[in-house]
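Only one structure is covered here, and it is reproduced in the block below.
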Amino acid sequence: TVHTHLTIREDAHLLYGFMTVAERDTFRLLIRVNGIGGKVALACLSGLSAERLSQAVAEGNTAQLTAIPGIGQKTAERLVVELRDKMGGIAPGPVGSTASGDPRQEAIAALLTLGYKPAQASQAIAGLAEGLGLEDLIRQSLQNLSRH
């Protein structure tokens, strides 16, 4: 399972993918901090795991944060101040953990995220064989939707 975050800007639609819900949630918290965009947030998650990043923020360990490319002293201090209370709620999750556990519902959610209407998404998934994995469901439903 890939957990995603979609950023819509005037000049681009950016889709970020994460292996765990904790990584995605940490990314979402990071991009809310002034001066942190998607690129720097990804650098943070590449430099430290979501759990270690949360621990560094909770402890106020700016030295560990400034070791991440793109994070200077001021940005590290801003991260600590703005996220110290918020990052405690990020629980580590196993790779592939899902909210619903139902690949069909997750595929519908993915299609909705891509901009399809609920009726289109449901209809595209309903016509597919039972027992398909999430990736196959999304791939085949996108193929079906592109034909119409």
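The values are calculated or read from the model by the stated rules, or taken from the named source; none is laboratory data. Everything numeric in this text was worked out from a predicted model, so none of it was measured. Virtual Cβ from ideal backbone geometry, glycine too; neighbours counted across all protein chains shown.
Among the numbered criteria (1) within 24 Å of residue 112 (Cα to Cα); (2) modelled with pLDDT under 90; (3) more than 16 Å from the chain's Cα centre (by Cα), which one does residue 11 miss?
(2)
Of everything in segment 32-44, what is within 13 Å of residue 5 (Cα to Cα) and crowded, with 18+ Cβ neighbours inside 10 Å? Give them in sequence order.
Residue satisfying the conditions is 41 alone.
Here's the yes/no breakdown for (1) in a helix (DSSP H, G or I); (2) crowded, with 17+ Cβ neighbours inside 10 Å; (3) at pLDDT 85 or above:
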| residue | (1), (2), (3) |
| --- | --- |
| 46 | yes, no, yes |
| 51 | yes, no, yes |
| 74 | yes, no, yes |
| 77 | yes, no, yes |
| 85 | no, no, no |
| 88 | yes, no, no |
| 92 | no, no, no |
| 112 | yes, no, no |
| 125 | yes, yes, yes |
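Any chance you could count how many residues in segment 64-79 are hydrophobic (A, V, I, L, M, F, W, C) and free of Cβ contacts under 8 Å to residues at least 24 places away in the same chain? Full working, then the answer.
From segment 64-79, those hydrophobic (A, V, I, L, M, F, W, C) are 65, 67-68, 71, 76, 79; that's our starting set.
From what is left, the residues that are free of Cβ contacts under 8 Å to residues at least 24 places away in the same chain are 65, 67, 76.
Within segment 64-79, residues that are hydrophobic (A, V, I, L, M, F, W, C) and free of Cβ contacts under 8 Å to residues at least 24 places away in the same chain number 3.
Report, by residue number, each residue of segment 53-72 that is surrounded by 13 or more Cβ atoms within 10 Å (Cβ to Cβ) and not hydrophobic (A, V, I, L, M, F, W, C).
Step one: list which residues in segment 53-72 are surrounded by 13 or more Cβ atoms within 10 Å (Cβ to Cβ), which gives 53-58, 60-62, 64-68, 70-72.
Across segment 53-72, the qualifying residues are 54, 55, 60, 61, 62, 64, 66, 70, 72.
Does residue 26 meet the test of being modelled with pLDDT of 90 or more, touching a helix residue (DSSP H, G or I) at 6+ places or on another chain (Cβ under 6 Å) and in a helix (DSSP H, G or I)?
Working: modelled with pLDDT of 90 or more: yes; touching a helix residue (DSSP H, G or I) at 6+ places or on another chain (Cβ under 6 Å): yes; in a helix (DSSP H, G or I): yes.
When the stated conditions are applied, residue 26 passes them.
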